[in-house]
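Undergrad: I have a structure I would like to understand better, so I am pasting it below and will then ask my questions one at a time.
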Amino acid sequence: MNIRNSIAKIKKKYLAISLTILGFFVLTAAGDRYFELSKNIEIFTTLFKELNTYYVDDVDPNKLMETGIESMLASLDPFTNYISGADIDEYQLQTTGKYDGVGSRIMKIDDYIVISDPYEGYPAQKAGLESGDIILEIDGKSAKGYTTDQMSNLLKGQPNTSIKIKIRQNSTGLEKELTITRAEIQIKNVPYFGMINDEIGYIKLDNFAEKAGQEVADAMKDLKENNPKLSGVIFDLRGNGGGLLNEAINVANVWIDKGLKIVYTKGKTADSNHEYQTQNKPVDLQIPLIVLIDEGTASASEIVSGSIQDLDRGIVIGQNSYGKGLVQITRPIAYKSRLKVTTSKYYIPSGRCIQRIDYTHRDSEGVAKVLPDSLRKSFKTKIGRIVKDGAGIEPDVKTEEELMADVTISLFENNHFFTFANLYKKNHSTLLGDSKYKMTDAEYVEFVEFVKGKSFKYETDTEKALKALKKTAEEEKYFAALQPAISTLESEILSEKGDDLMKFKSEIKRILQMEIVSRYKYEKGRIASSLTEDKDIATALEYFIEIEKYNKLLGK
């Protein structure tokens, strides 16, 4: 007998035995898993019933169940969420950009709900509602004490249905009754696009809901068709938390050629593994492109900025992005509720996954860790530039994050910007300069006088550090000796804080200008006004002016 054949037969025999044993273990493991699942569902159901029956006080079954579900999902990643039937409208708004209602943002000030931003061209604005108008009654009932959620639910409703509201007008102080007919509200993914100067265009994308790709494509076409001198485009993804994956592909396709891989996903099941390519003819492949990102740029926004970087179609300017390399889908559960569950990780053209936090490994306190630099891997863009995984999208040109001063934050949180802008609109029927309006020093003095005596308390980092020093000094018995020096520091800090309105004048004026312009030009005006003193925009313009710097980054 041929020895080689005999060995082969023996190997086949043992392989068959091994596969049988392996199959037994796989079936056993699967059986054990389903047994554990069934056992724990039974335990949970029984426990829930026993609590509901025997707990000393009445319990709310819905609240108890939601608490259990949320605690269970909290052990996973923060993007795996339970969407109750009551919250489904908000979820649909995020994915479609649509809802049925009057078309206005609202906020609560004191006891009443106030119109904050009516959407241009929709029922609230057409009916004459303006920022600062107070809702006194709704369908004949007092609106005092309503929460924003309660009011939002009342204002929403089927298109062509009507609602009666009584308001106190900001502009006149008079009470007025209005009947508003609801409509389908489509919130634009692209709230603004236009020219920064004669040669440089700008497109702002806020969301990746339905039609985001089409809106960006239309904006780019408009810039090209109506501006013959167009020689560069700034695409702003700052603060854009993402949305639909297919819309990310469509947006990237505006500047990336047809048939190129933009992203691929890998998950536990075969259904989670997909490769996504651009499907359409691009709008433009030649005009220099700069993408702006920051720490609020996440998910679909990172797919777009990352693919443009990986394929060397443009450069990225700003701060490191959020670092969300996970993909979610929604699964129907029951009673209109859904589970949004992470099913895969995504990888952009260079092959990198930009997920920053590893939720599968946590410390002793249950906190997930950021991927350490030592474990980050290097990849190459189309022309060979080095890019790394594990920390979001790192810009080609990094800029400093603009942080608001404590006084500015306090003024904002106490609605003083909002209220002053309403007062300005009441006293000025027109706006000089439109979206290019610049607040004068005299007008700023008016604002300083306006906030005098109004509440906008805030604690600076210096005050927090001094408070910590006082506590430590008391614990270590040094306070008596240090008290004179600490008291002097406290007095000096208070004196310095008294000058904060002038010290941070340029920052405060910039926000006031944006708020005032929005009273006349709505959201488009607010965005246009914000661009005039934007440091990231200024940096982008430098790279268009010195185009050789742009070309050098792209190896041209």
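Undergrad: Can you run down the residue pairs with Cβ atoms below 6 Å, 6 or more apart or on separate chains, where the first is in segment 286-302 and assigned by TED's automatic domain parsing to the domain that holds residue 325 and crowded, with 24+ Cβ neighbours inside 10 Å and the partner is in a strand (DSSP E or B) and charged (D, E, K, R)?
TA: Close Cβ pairs (under 6 Å, with a partner that is in a strand (DSSP E or B) and charged (D, E, K, R)) amount to 292/236.
Undergrad: Has segment 269-279 got any residue that is assigned to a loop (DSSP other than H, G, I, E, B), at pLDDT 95 or above and surrounded by 16 or more Cβ atoms within 10 Å (Cβ to Cβ)? Let's see the steps before the verdict.
TA: At the first step, the residues of segment 269-279 found to be assigned to a loop (DSSP other than H, G, I, E, B) are 269, 273, 278-279.
Now narrow it down to the ones that are at pLDDT 95 or above: 278-279.
Next cut, surrounded by 16 or more Cβ atoms within 10 Å (Cβ to Cβ) only: 278.
The answer is yes, given that some residue of segment 269-279 is assigned to a loop (DSSP other than H, G, I, E, B), at pLDDT 95 or above and surrounded by 16 or more Cβ atoms within 10 Å (Cβ to Cβ).
Undergrad: Continuing with this model, one more query. Evaluate segment 443-453: report whether one residue or more is closer than 14 Å to residue 510 by Cα and touching a strand residue (DSSP E or B) at 6+ places or on another chain (Cβ under 9 Å).
TA: Scanning segment 443-453, I find no residue that is closer than 14 Å to residue 510 by Cα and touching a strand residue (DSSP E or B) at 6+ places or on another chain (Cβ under 9 Å), so the answer is no.
Undergrad: Does at least one position in segment 407-414 carry a residue that is part of a loop (DSSP other than H, G, I, E, B), under 30 Å from residue 499 (Cα atoms) and of a type in the set (Asp, Glu)?
TA: To start, the set of residues in segment 407-414 that are part of a loop (DSSP other than H, G, I, E, B) comprises 414.
Then drop every residue that is not under 30 Å from residue 499 (Cα atoms), which leaves 414.
Filter once more, keeping what is of a type in the set (Asp, Glu): none.
Checking segment 407-414: not a single residue is part of a loop (DSSP other than H, G, I, E, B), under 30 Å from residue 499 (Cα atoms) and of a type in the set (Asp, Glu).
Undergrad: Please state which of the following conditions residue 150 fails to meet, knowing it meets all the rest: (1) polar (S, T, N, Q); (2) in a helix (DSSP H, G or I); (3) over 30 Å from residue 51 (Cβ atoms); (4) at pLDDT 90 or above.
TA: Only one criterion in (1) polar (S, T, N, Q); (2) in a helix (DSSP H, G or I); (3) over 30 Å from residue 51 (Cβ atoms); (4) at pLDDT 90 or above is unmet by residue 150, namely (3).
Undergrad: For residues that are over 18 Å from residue 100 (Cα atoms) and either part of a strand (DSSP E or B) or modelled with pLDDT of 95 or more (or both), tally how many sit in segment 172-190. Before the answer, list the steps.
TA: Step one: filter segment 172-190 for residues over 18 Å from residue 100 (Cα atoms), giving 172-178, 190.
Now restrict to residues that are either part of a strand (DSSP E or B) or modelled with pLDDT of 95 or more (or both): 175-178, 190.
Here the count works out to 5.
Undergrad: Just to verify a result, which residue in segment 358-394, among those that are surrounded by fewer than 10 Cβ atoms within 10 Å (Cβ to Cβ) and modelled with pLDDT of 90 or more, is nearest to residue 344 (Cα to Cα)?
TA: Result: 386.
Undergrad: Right, another one. Test each condition in (1) within 18 Å of residue 76 (Cα to Cα); (2) assigned to a loop (DSSP other than H, G, I, E, B) for residue 342 and report the one that comes out false.
TA: Only one criterion in (1) within 18 Å of residue 76 (Cα to Cα); (2) assigned to a loop (DSSP other than H, G, I, E, B) is unmet by residue 342, namely (2).
Undergrad: Which residues, taken from segment 214-248, are assigned to a helix (DSSP H, G or I), touching a helix residue (DSSP H, G or I) at 6+ places or on another chain (Cβ under 8 Å), surrounded by 23 or more Cβ atoms within 10 Å (Cβ to Cβ) and of a type in the set (A, V, I, L, M, F, W, C)?
TA: Hits for segment 214-248 are 216, 248.
The values are calculated or read from the model by the stated rules, or taken from the named source; none is laboratory data. Given the structure is predicted, the values throughout are model-derived calculations rather than measurements. Methodologically, a virtual Cβ is constructed for each residue, glycine included, from the backbone with ideal geometry; neighbour enumeration extends over all protein chains shown.
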